[in-house]
Amino acid sequence: MKKQYIFISLLFLSIQFTMAQFTLDGQFRPRAEYRNGFQTLIPDGADAGFAINTRTRLNAGFKAETFKVYISLQDVSVWGENPQIVPVDDNNSFSLFEAWASLKLSEKWSTKLGRQVLSYDDQRFFGGLDWAQQGRNHDLALIQYKGGKFVLDVGLAFNQDLDGLGGPLFGFQNIGTEYPANNPFQYKTMQHLYAKHSWEDFSASLLVVNYGHQNFDEEENADGVNSLLTLGTHLNYKKGKFGAAANAFLQTGEFFNGSTDVGGAYLLGLDLNYQASSAVGLGIGVELISGDDVDTTDKTEAFLPTFGTNHKFNGFMDYFYVGNHVNTIGLFDIHASANFKLGEKASLLAKVLNFSGDQDLPSGENALGTEIDLVYTQGFKGFSLKVGYSHLFPADGMYELKGITEDAAADTQNWAWAMLILKPKFLNTAKKD
């Protein structure tokens, strides 16, 4: 009888397997970095940083008629950080990057529940942050609509910690829902709406995001949620060899730590691109991000592109809005780029950016400097290699902003890296047409 049960179970699984699609793939991405002024100015005489880190992912997807499930396991570690003979990894490098289920409610409606990546448009406000080895994810519930050229996402999140006032019980607190956080990326609640419509040569989207952080008043022993509301649009036009993209965002509410109100904060961006030939693409653009007016003490006008893939913008050396440059003088970024196709699988990106503050520093300076970014990509059979070099030429304002004198800073501020990318596909049961 037991053998019959086993046979029936295997038969049932094989039928499910043939009726559904199962995929199993991975990623192996080691990256070496030489940091001699990455994110901030390096002092004169200081040794440059150098390390190799690796992201390893194993992704499994299952697609049936009425639902989809996706799981992504991830390990991110620096070479040598784990002792060789210690059986326990104390660095917590292993994590569950994605784990979600999508349920089909009708032909146009579905819901997606669990840990997932939010990535919209050019990733200016919501992005997967793929450059960072750890990436970015969200625990939330999505209601999704897809009909023709119109898409709609409505997301809801409520975050909680295992350790609470009443003690942990399967991830829940017995008393209250306290969730204090001390950084802008760790929100307690979030609601967002994203809508996009596409036409032949043009698309327009609307994004509304409200997220809240919990803070406590020790004197009154009370707690509340500080909410920050962001409203924005992304416009994209493409016809022939010419393309244009624009961003416009407004932000209002309360700063994440409750220290001040936010009002009149904005981000405006415009990028133009032209395909000069089959081998050369050109681009030029400008972005203005509002900063804090030091004359106003009761509120800030500084905009924060909270969940965006900020490494993609404002220079690859990450001097702005990558865990830094929060609630300060803002940014005015003028940039130009050229992308050269050097062969069937090779390309070179060259970009120059000039930075200045939206607000003046106390000295009256606002010029921050110029950055040059170069990225070479070479594809091979089954894998690819990327090599990058960036150089910053600081202006007087950058020294003041970073709190170091020009004499105390190193003469050369640069960053170089090399990254190998392998994406093996282990299994795919999808039927080929």
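The values are calculated or read from the model by the stated rules, or taken from the named source; none is laboratory data. Keep in mind that what you see is a predicted model, and the values were worked out from it rather than measured. Here the Cβ positions follow ideal geometry from the backbone for every residue, glycine too, while neighbour counts run over all protein chains shown. Note: accessible area is taken over every heavy atom of the protein model, side chains too, but ligands, DNA and RNA are not part of it. Shrake-Rupley method; radii C 1.70, N 1.55, O 1.52, S 1.80 Å.
Using θ = phi - 60° in the Karplus curve 6.51 cos²θ - 1.76 cosθ + 1.60, the 3J(HN,Hα) couplings for the range 50-61 round to 8, 7, 10, 10, 9, 10, 10, 10, 10, 10, 10, x Hz; x is entered for Gly and Pro.
In order along the range 338-345, the phi-based Karplus estimate (6.51 cos²θ - 1.76 cosθ + 1.60, θ = phi - 60°) of 3J(HN,Hα) comes to 9, 10, 10, 8, 9, x, 4, 10 Hz; Gly and Pro are listed as x.
State the extension gain, in nm to one decimal, for the chain segment bounded by W199 and E178, taking 0.36 nm per residue of separation less the distance between their alpha-carbons. Don't jump to the answer; show the numbers that get you there.
Working: separation 21, 0.36 × 21 = 7.56 nm, distance 4.53 nm.
Length gained, W199 through E178: 3.0 nm.
I'd like to know which of Q359, T429, Q413 lies farthest towards the positive end of the charge dipole of the range 302-433, counting +1 on Cβ of Lys and Arg and -1 on Cβ of Asp and Glu. Comparing the listed Cα positions along the dipole, T429 ranks first.
For the ranges 376-389, 115-128, what's the packing order if you count other beta-carbon atoms within 10 Å of each residue, average per peptide, and put the highest first? Before the final figure, lay out each step's value.
Values: 376-389: 14.3, 115-128: 20.6.
In decreasing order of mean packing, 376-389, 115-128 become 115-128, 376-389.
Only Cα pairs under 8 Å and 6+ residues apart enter the sum, and on that basis the relative contact order of the chain stands at 14 percent.
Compute the helix-to-body angle for 2-19: its Cα long axis versus the longest principal axis of the chain, expressed 0 to 90° and rounded to tens. Its long axis makes an angle of about 50 degrees.
For A367, nonlocal amide neighbours, meaning residues 5 or more places apart or on other chains whose placed amide H falls under 5 Å from its own, are G357, G397. Protection proxy ranking for 52-59, 199-206, using the average of other Cβ atoms within 10 Å per residue and placing the highest first: 52-59, 199-206.
Net charge near G263: determine it from the other residues with C-beta under 9 Å of the C-beta of G263, scoring Lys and Arg +1 and Asp and Glu -1. Could you put the intermediate results ahead of the total?
Numbers: positive: K299; negative: D261, E301.
The answer is -1.
Per atom type, the range 25-164 shows carbon and sulfur on 57% of its accessible surface, probed at 1.4 Å.
Taking all protein chains into account, the per residue accessible area for the chain stands at 54 Å² (1.4 Å probe).
Stretching the chain fully between N92 and F67 yields a gain of 5.8 nm (0.36 nm per residue, less the alpha carbon separation).
Based on the mean of other beta carbon atoms within 10 Å per residue, what is the order of 154-161, 208-215, most packed first? Show your work: numbers first, answer last.
Numbers: 154-161: 15.8, 208-215: 20.5.
So the peptides 154-161, 208-215, ranked by packing, come out 208-215, 154-161.
Which entry in (i) 4, 19, 26, 26, 17, 7, 2, 0; (ii) 4, 16, 26, 30, 17, 6, 2, 0, 0; (iii) 4, 20, 29, 25, 15, 6, 1, 0 is this structure's computed P(r) over Cα pairs in 10 Å bins from 0, in percent? Only one option fits the structure, namely (ii).
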